[in-house]
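Enquirer: Sharing a structure with you now.
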Amino acid sequence: MRILFVFFSYLFGSIPTGYLLYQRIKKKDIRQFGSKSMGATNLLRLTDKKTALIAAFVDVLKGFVPVFLSLKLFDDLLFSLLCGFLAVLGHCFPLYIKFKGGKGVATTVGVYLALSLSSLLVLAVVFAAVIAITKYVSLGSLVSLMSLPLTALISGAEIELVYFGVLIFALIAFQHRENIKRLIQGQERKLGEKEA
């Protein structure tokens, strides 16, 4: 049963929401435009708020469902963290579209929604504060995710959550490597800035 659930977590996370929505609207591969990501931020630049919100909602569900169900079925935090990581990994490297997917942020939000509302609150506050100051979604994502293992460590949460936070941050920082390069060069697009 656990083996099946592991596969389910990855395959469910692999559903390429933004790719499918853009394909339906524009009949094109979103990975060829804008930031070349299939996430909600790129969809917002290339389409409209409604499409971006739908993508964000489904991508959050991709992280929430495997973790929520695994906690209910198995009551095993370590196994649920594995399922959450696999869901995010699926979003970043989806089987269905040759392993070239999104950045994993919304799916990670879904994982924390199922795991810890206090961690999700920290993530939301830091994310909103960084974006309010800088207008850079990528920077807000990275700083907020970097804060989670630190918060878990300071608050005395289970050590598994600390390690999970570090692992997830490493994965998402890797997926944001081009954004990091653009941030350093001062070429990163700000929130709401449309693709030319």
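Enquirer: Output the residues belonging to segment 139-185 that are among the hydrophobic types (A, V, I, L, M, F, W, C), exposed (fewer than 14 other Cβ atoms within 10 Å of the Cβ) and within 23 Å of LYS36 (Cβ to Cβ).
Expert: Those that are among the hydrophobic types (A, V, I, L, M, F, W, C), exposed (fewer than 14 other Cβ atoms within 10 Å of the Cβ) and within 23 Å of LYS36 (Cβ to Cβ): ALA170, PHE174, ILE184.
Enquirer: Which one of ILE154, ILE168 is aliphatic (A, V, I, L, M) and without any contact (Cβ under 8 Å) to a residue 60 or more places away in the chain?
Expert: ILE154
Enquirer: Let me ask something additional. At least 2 residues that are aliphatic (A, V, I, L, M), modelled with pLDDT of 90 or more and within 22 Å of LEU115 (Cα to Cα) in each: list the helices (runs of 4 or more DSSP H) lying fully within segment 1-64 that qualify.
Expert: Counting at least 2 such residues, we get 2-13.
Enquirer: Taking only segment 46-70 into account, find how many residues are closer than 11 Å to SER9 by Cα and surrounded by 22 or more Cβ atoms within 10 Å (Cβ to Cβ).
Expert: 5
Enquirer: While we're here: Surrounded by 15 or more Cβ atoms within 10 Å (Cβ to Cβ) and either of a type outside the set (Asp, Glu) or under 16 Å from PHE164 (Cβ atoms) (or both): which single residue out of LEU78, LEU73, LEU43 fits that description?
Expert: Details: LEU78 fails: surrounded by 15 or more Cβ atoms within 10 Å (Cβ to Cβ); LEU73 fails: surrounded by 15 or more Cβ atoms within 10 Å (Cβ to Cβ).
Only one candidate qualifies: LEU43.
Enquirer: Checking TYR19 against (1) over 21 Å from VAL166 (Cα atoms); (2) in contact with an Asp or Glu (Cβ under 9 Å, 6 or more places away or on another chain); (3) surrounded by fewer than 20 Cβ atoms within 10 Å (Cβ to Cβ), which test does it fail?
Expert: Every condition holds for TYR19 apart from (3).
Enquirer: Here is a check on your reading of the model: is GLY101 assigned to a loop (DSSP other than H, G, I, E, B), within 15 Å of the chain's Cα centre (by Cα) and of a type outside the set (Ser, Thr, Tyr)?
Expert: Taking the combined requirement at face value, the residue satisfies it.
Enquirer: Can you list residue pairs whose Cβ atoms sit under 6 Å apart, with the first residue in segment 67-84 being in contact (Cβ under 8 Å) with a residue 60 or more places away in the chain and the second being of a type in the set (A, V, I, L, M)? Count only pairs 6 or more apart in sequence or on different chains.
Expert: CYS83/VAL67; GLY84/VAL67; GLY84/VAL111
Enquirer: Can you go through VAL130, VAL111, VAL67 and tell me which one is assigned to a helix (DSSP H, G or I), under 11 Å from the mean Cα position of the chain (by Cα) and hydrophobic (A, V, I, L, M, F, W, C)?
Expert: On inspection, the qualifying residue turns out to be VAL111.
Enquirer: Would a scan of segment 81-104 turn up a residue that is over 19 Å from PRO16 (Cβ atoms) and β-branched (Val, Ile, Thr)?
Expert: No, because not a single residue in segment 81-104 is over 19 Å from PRO16 (Cβ atoms) and β-branched (Val, Ile, Thr).
Enquirer: With the structure loaded, tell me whether THR134 is modelled with pLDDT of 90 or more, β-branched (Val, Ile, Thr) and buried (at least 22 other Cβ atoms within 10 Å of the Cβ) or whether it fails that test.
Expert: no
The values are calculated or read from the model by the stated rules, or taken from the named source; none is laboratory data. Here the structure is a predicted model, which is why all the values come from computation and not from measurement. Cβ: placed from backbone, ideal geometry, glycine included. Neighbour counts: every protein chain shown.
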